[in-house]
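Below you'll find the structure, written out as structure tokens, and then a few comments.
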Amino acid sequence: MLSAKIEPVPSPFSLTDEASYQQWRADKLAAATRFAAIPIAHPGQLTAVERRQLLSSVEAQNFALFQVTDAVDDIEAALHAFGSGLGLLGIDQNLCAEDSGVTAITVRPTDTEHTYIPYTNRPLGWHTDGYYNAGEQQIRAWLLYCAEPAAEGGDNELLDHEIAYIRLRDENPDWIRALMADDAFTIPLNVERGRQIRPDHSGPVFSISPVDGSLHMRYSARQRNVIWRDDPTTRDAAAFLLDLFRNGDDHMLRYRLNANEGIVSNNILHRRDGFRDDPAAGAKRLVYRARYFQRLPRPEEE
């Protein structure tokens, strides 16, 4: 019996499908970027219009800015409902997360023996969230909500990881091939109080989701505690990314979250400036974060 020939599914992220890539690239670069915050009345009670506006922004640029206009009593519960209302159900409860999975990020000691930079006022370099997670626990989406900004600083910079993919592939497709290798990028083991809580974890920088064919990126610009595959092509690709971040890009957004503003994203590249708190003046930076194991849905999937 002759078996039916299985045709490959077109993918713009396949290096053997240049036609799909070029069409997707043109559409991606032509898509209107929305850098204005979308007003929503209450994060725990999204309207159909608010949800559609947020998901449409994410569809175009993999993130959306939003501004909450009404007073919210229990912000952690509201943000948990906000994620669920957008279709994000698999919340990550990491080492420093509260029981709800919504983490309060402010300058404070953590319950671990390591000093984690997000809980200090130091700059936080370019990364995607959960880059140290194992393959089945990849962070596909996250949200940030600013309850109180710092007295000075704390600006975020954002870059859609699909734009980074385009810049790399246009310069040298072999860099994409190298960054898709299973051992392109390794995070060493993590030991707490003499107990291993995470083994070495190797994986690709770019990967294609088997669920929906979307592009996922796992990355940190840290020069310590990150091991790149030791070959010239991988090293050149990593160096190109660092140059991209230093030189900037037209699709890069610098934004300082004000009180009651937030970001929801498909785990795009981002960083944070250092900042100065002034608790006596009521200016102590407090940002809530939630991270998820699935991407935000497309608007047409509603």
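Can you sort THR16, THR128 by how many other beta carbons sit within 10 Å, fewest first?
Numbers: THR16 8, THR128 23.
Lowest count first: THR16, THR128.
So if I average 1/r over every pair of distinct C-alpha atoms in segment 155-302 and take the inverse, what Kirkwood radius in Å does that give?
Its Kirkwood hydrodynamic radius stands at 17.8 Å.
Given springs between every Cα pair under 10 Å in a Gaussian network model of the chain, which of VAL68, VAL102, VAL264 has the largest fluctuation?
Its mean-square fluctuation being the largest, the pick is VAL68.
Assigning unit charges at the beta carbon (Lys, Arg +1; Asp, Glu -1) and nothing else, what dipole magnitude in debye, to the nearest 20, does the chain show about its Cα centre? Walk me through the numbers before you get to the answer.
Working: 32 positive and 44 negative charges, 94 e Å.
With only Lys, Arg, Asp and Glu charged at Cβ, the dipole is about 460 debye.
Just the number, please: percent antiparallel of the DSSP beta bridges in the chain, rounded to the nearest 5.
Numbers: 45 of 48 bridges.
Bridges in the chain that DSSP calls antiparallel: roughly 95 percent.
For segment 18-75, what is the relative contact order in percent, using Cα pairs closer than 8 Å and at least 6 residues apart in sequence? Could the numbers behind the result be given before it?
Working: 50 pairs, mean separation 23.3, N = 58.
Computed over segment 18-75, the figure is 40 percent.
By counting other Cβ atoms within 10 Å of each Cβ, how are VAL287, VAL9, VAL205 ranked from fewest to most? Mind showing how you got there, number by number?
Numbers: VAL287 22, VAL9 9, VAL205 29.
The most exposed by this proxy come first: VAL9, VAL287, VAL205.
Considering only ALA181, VAL49, ILE163, whose Cα is most displaced toward the positive end of the charge dipole of the chain, charges sitting on Cβ of Lys, Arg (+1) and Asp, Glu (-1)?
Toward the positive end, the furthest listed residue is ALA181.
Please grab the % of Cα pairs in the chain that end up more than 24 Å from each other.
Within the chain, distances greater than 24 Å cover 54 percent of Cα pairs.
Bear in mind that the values in this text are calculations on the coordinates, not laboratory data. Being a predicted model, the structure only gives us computed values, none of them experimental. Note that each Cβ is placed from the backbone with ideal geometry, even for glycine, and that neighbours are counted across all protein chains shown.
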